[in-house]
């Protein structure tokens, strides 16, 4: 997955919670994610015969966009994950990854407009 950060300035609000609005926000504020988003959509949703995978797709990409739109938070999570990868003991790595995971999960709970 490509990590994207918007230009400097205020963090844009979260879009409406629809695939179309999310795609538009990614295109506008985190364009480096767009190719991955579109490929995932085609692979997971576009050719599906039911809409059951859409909630999981939205949860994942909602969090990805929420992180990518905030350069400071994106750097923090990237740093936590890099430090975990470089850790020499499992407990330290686990704590760092737990913190990165906590942040990612909190982002998935953001509401439109936040």
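The values are calculated or read from the model by the stated rules, or taken from the named source; none is laboratory data. None of the values given here were measured: they were computed from a predicted structure. Please note: Cβ atoms are built from the backbone with ideal geometry, for glycine as well, and neighbour counts cover all protein chains shown.
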Note: among 50, 79, 98, just one is at pLDDT below 95 and more than 15 Å from the chain's Cα centre (by Cα), namely 50
Listed by first then second residue, the pairs whose first member lies in region 15-31 and is within 13 Å of residue 41 (Cβ to Cβ), whose partner is at pLDDT below 95 and crowded, with 18+ Cβ neighbours inside 10 Å, with beta carbons under 9 Å and at least 6 positions apart or on separate chains, are 26/4
